[in-house]
1. Calculate for the chain the 222 nm mean residue ellipticity that helices alone would give, adding -39,500 (n - 2.57) per DSSP H run of length 4 or more and normalising by residue count, nearest 500 deg cm²/dmol.
2. Just by accessible area at a 1.4 angstrom probe, what is the order of S472, S451 from largest to smallest?
3. Note the full-extension length gain between D118 and K164 as 0.36 nm times their separation in residues minus their Cα-Cα distance, in nm to one decimal.
4. For the range 280-359 and the range 103-125, what is the separation of their Cα centres, given in Å?
5. Ignoring ligands and nucleic acids, what accessible area does H383 show with a 1.4 Å probe (Å², nearest 10)?
6. Please calculate how many Å² of accessible area the range 254-354 carries per residue, with a 1.4 Å probe and no DNA, RNA or ligand atoms counted.
7. Give the ranking of D631, D546, D295 by solvent-accessible surface, highest area first, calculated with a 1.4 Å probe.
8. May I ask you to compute the full-extension gain from T527 to R324, defined as 0.36 nm times their residue separation minus their alpha-carbon distance, rounded to one decimal in nm?
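The values are calculated or read from the model by the stated rules, or taken from the named source; none is laboratory data. The shown structure was predicted, so the numbers you read here are calculated from the model rather than taken from an experiment. In this analysis, Cβ positions are derived from the backbone assuming ideal geometry, glycine residues included, and neighbour counts consider all displayed protein chains. Surface accessibility is based on the protein's heavy atoms, side chains included, excluding ligands, DNA and RNA. Shrake-Rupley method; radii C 1.70, N 1.55, O 1.52, S 1.80 Å.
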Amino acid sequence: MLKRSKKLSADLSTALVICVALVSAFIIAFNYYYRSQESWKRLERTAEDYTAYLGAALVFPVWNLNRKAVSELVQFHSINKEIVLLEITDTTRTINHRHSVANGYSSIIRKTAIKHQDHNIGEVVVGLSTRSYYQANRRLLINSIVMVIGIIVTIIAINGIILKRLLYKPFYTLQKRIDDISNGDYDNIQPNSGYRELDQICLKFEEMAARIKTREQHLKNTSTLLREEISDRKKAQEELKSNEQKLQNILDFAPPVIYLKDLHGKYIMGNKQFEHIYQVPRDQIAGLDDRQLHDGDTYRIIRAGDDRIIDTGTHIEVEEKIERNGKAKTYSTIKFPLKNTGGEIYAIGGISTDITVNRHLESQLRQAQKLEAIGTLASGVAHDFNNILQAISGYIELMLLQEKGRAVNKQPLNQMQSAIDRAADLIRRLLIFSRKSDVKLKLLDLNNTISHAMGLLERTLPKMIQIRKDFSACPATVYADPVQMEQVLMNMGVNAGDAMPDGGTLTIRTANVTLTEEFCRPRPETTPGDYVLIEIDDTGAGMDQDTLQRVFEPFFTTKGIGKGTGLGLATVYGIVKHLRGHISCNSRPGMGTNFKLYIPSISSAKNMAENENVCKRIPISKGNERILVVDDEETVREIAENALNKFGYTVTTAENGEQAIETYKGMRNAIDLVILDLGMPGMGGLKCLKALIDLYPQVKVLIASGYGQSDTISKSLEFGAAAFIKKPYHILDLGKIVRNLLDGTAGVCETDNLHLASKAS
Ligand SMILES: Nc1ncnc2c1ncn2[C@@H]1O[C@H](COP(=O)(O)OP(=O)(O)O)[C@@H](O)[C@H]1O
Ligand SMILES: [Mg+2]
C-alpha cells in the first residue's frame with residue numbers, strides 16, 4: 001500500500017502561489033511605498049507651493065497692511081479643505097491672521113517669509129492636511145491587495161490549466177506506460193509527450209522495459225526449466241515413492257519374516273510378518289534387540305550366527321525354533337551380509353520361512369511311508385504264511401478225510417485246524433492293514449453299524465466304563481464293509497477300555513462333515529469332500545508322543561505279552577485307508593485319547609462302490625474232469641492234487657506260468673479247469689492268465705491267491721478268470737467252487753474264512 005503522500009500538483013500550486021504572492025506582494029509593497037513617497041512629496045511640494053504662492057500673493061496686502069484683502073484671501077483659501085492651518089503675520093504684528101481646522105489627521109506645516117524687495121515683511125504658515133494622502137494610501141493598499149488576490153486567483157486558475165497540460169498529461173502517459181510495463185505489456189510504446197525531460201524519462205522507461213522484458217523472458221525460460229525440473233523431480237519422487245511402496249508391499253505380502261539388523265544385533269526394520277510374529281508395532285521395531293525377543297539360549301544361537309556372517313562375510317542357512325504364545329514354530333532362515341560399495345558389511349538381512357507345516361507334513365509322510373513299507377513287508381510275509389498255512393491246513397484236512405468213518409481221536413487234528421484258523425485270522429488282519437484283503441462294500445448307515453458294535457462293547461467292557469453315544473441327526477451313510485466297520489469300533493472300544501482300567505467314559509460321536517481345501521492342505525492324505533466323522537473319545541491314560549507316533553504300526557503294543565497283539569489299530573488304519581478315509585489321533589498322558597475317523601460319505605464314496613454280490617451256498621459234489629493246478633509252492637500243489645483226487649478229479653500240475661501254458665497247449669482238450677496262483681516267479685499268474693485266455697478263449701481259470709484285495713480280483717476277472725479263491729482255502733470250499741465252475745453255475749460265495757468270487761458265466 002502506498003503511504004498517503006502529498007500531491008505534487010498541490011505542492012507545485014502552493015509553491016507557485018506563494019512565489020507569485022510574494023513577488024506581487026513585493027511589487028505592490030514597492031509600488032505602494034514608492035507611490036506613497038511620491039504622494040507625500042507631492043503633498044510637501046503642494047504645501048511649499050502653496051506657501052510660496054501665498055507668500056507672493058500676500059506681499060502687497062501685507063505691505064499695505066490690508067487686513068481685508070488678507071482676510072479675503074485667507075477666506076478664499078480656507079475653502080480648500082486640505083488647508084487646515086493658515087497663519088499670516090507681519091513683522092509688525094499688525095496683521096495676525098490665523099485659520100485653523102482640526103480634521104483628525106496630521107498636517108504638513110510650511111512657512112515662508114513674505115518679502116518685499118528682499119525685506120521680510122511678514123510670514124505665512126500653511127498647514128496642509130495629510131488626509132488626502134492617507135486616504136489615497138488606503139485606496140492604494142486596498143487596490144494592491146485586491147490586485148494581489150486577483151493575481152493569485154488568476155494564477156491558480158491558469159496554474160490548473162497549465163499543470164494539466166504540462167504535468168498531468170505527461171505524467172498520465174508515464175503512468176500508463178508504467179502500468180503497461182507492470183502488466184507485462186512491454187511493446188506498447190507511447191507517443192512522445194513533447195517534453196524532452198519526460199521523453200527522456202520515457203526513453204529510460206523503455207530501456208528499462210526492454211531490459212525487464214529480456215530479464216522476464218530469461219526468468220520465464222528459467223521458470224519453465226525449473227518447472228520441468230520440478231515436475232521431473234516430482235515424477236521421480238513419485239516413482240521412488242511408488243517403488244518404495246512396491247518394495248514395502250513385496251516385503252509385507254511375502255509370507256516369510258523379513259528383517260534387517262545392524263552389526264550389534266539391533267533391528268533396523270521388519271516386515272508385517274515380523275510385526276505379527278513378535279507382536280511389535282512397526283514403529284517400535286527399530287532398536288529392538290534379539291535379547292528382547294528371544295530367551296537366553298535362542299538369543300545366543302542367533303547371535304553366534306550373526307557373528308559368523310560378520311566374520312566370514314557369507315550367508316548362512318539355519319533352522320530356528322521360535323516359541324511364541326505357547327506355540328513352537330520352526331523357521332528356515334537365510335541370513336546374509338549387506339555390504340557397502342567398499343565391500344564392508346554394514347547390516348545383516350534375514351528371511352525366515354515358517355516350515356512348521358512342512359516339518360509336520362514330512363513327519364506325516366515319513367509315518368505314512370513307514371506304514372506303507374511295513375504293509376508291503378507284512379503282505380509279503382502274509383502271502384508266504386498263507387502258503388505255509390495252506391499246506392498245514394490241507395494236510396490236516398486230508399488226514400481228517402482219510403480218518404472219516406474211523407473211530408479215532410480227531411481232537412488234536414481239530415485243535416490244529418482251529419489254531420491254523422486263528423493264524424489265518426492274524427494273517428487276514430495283517431492283510432487288512434496292508435490293504436491287500438478283499439472288501440465287500442455296502443451302503444451303510446454308520447449310526448446303525450456303530451450302535452450294533454456298541455451293543456457288543458457294552459457286553460465286553462467292564463461295567464465301570466460308561467459308554468455314551470452322540471450320533472448325527474441325519475444318517476451317516478457310507479460305502480463300507482459292515483463287518484470291518486464293526487471290527488474298527490470293537491478294536492478301538494477295547495483299546496479305550498484297556499486305557500481306563502479304573503473306569504471312565506467312552507464317547508462315540510458321528511457327524512456329517514465337509515472337509516475343505518484348507519483343512520486338507522496340511523493333511524496330504526485327505527481330499528476335500530463330504531465325510532462321516534466318527535470320534536472315539538476316552539478319559540483314559542492317554543499316550544506319550546513316542547507311543548502316539550507308532551500306534552498304527554502292526555505289532556506295536558504297550559500291553560504285556562499275550563495281552564496285546566499290536567494289530568488292532570493297524571487293522572483300523574488299513575480299513576480306513578482302504579475306504580480312502582483319514583484317521584488321526586490326539587492324546588496326552590493322563591488326558592485321555594481322541595481318535596477321529598473320516599470315512600467318505602455316500603456322495604464321495606459312491607464312485608468307489610462296488611456292486612454288492614449275492615452270497616450263494618454251493619452244494620459239494622464230485623467229478624472226474626482233468627484239472628491243471630499251477631503253483632510255485634510244492635506243498636500247495638500236493639494238497640490241491642490230493643484234495644481234488646479225493647473228489648474224483650484227475651490233476652496235472654505246473655510250477656510256473658510258462659510251464660502251465662506249455663502243459664495246457666499239449667492237453668488243451670483234456671484239461672477242463674486251471675487253478676492258477678498269482679504270486680509266482682517268472683511271468684507270474686496274471687500274465688499267464690492273460691496269455692491262456694488270449695490263446696484259448698474257452699479256458700476256465702480259477703485264481704487261487706493269498707492276496708485277496710479287490711483290485712487283484714477284479715483285474716483277474718477282467719482278464720477272463722472264471723473265479724477267485726483266497727488262500728488259505730478249505731478243501732471242501734475248493735471242491736464246491738471247482739464243481740460249480742465245471743457245471744457253469746458259479747457265483748460268489750462267502751464262508752467263515754474263505755472268500756470266493758467268480759463272475760457269472
Ligand atoms: N485309547 C487308547 N488309550 C491309550 N493308549 C492306546 C489307546 N488305543 C491304543 N493305544 C495304544 O496303542 C497301542 C496299539 O494298539 P493296538 O494296535 O490296538 O494294539 P494292542 O491293543 O494289541 O496293544 C496300544 O498298545 C496302546 O499303547
Ligand atoms: Mg488293541
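1. Result for the chain, helices only: -17000 deg cm²/dmol.
2. In descending accessible area the options line up as S451, S472.
3. 9.0 nm
4. First find each Cα centre; the distance between them is then 145 Å.
5. 20
6. 57
7. D546, D295, D631
8. Residue separation times 0.36 nm, minus the Cα-Cα distance, leaves 70.0 nm.
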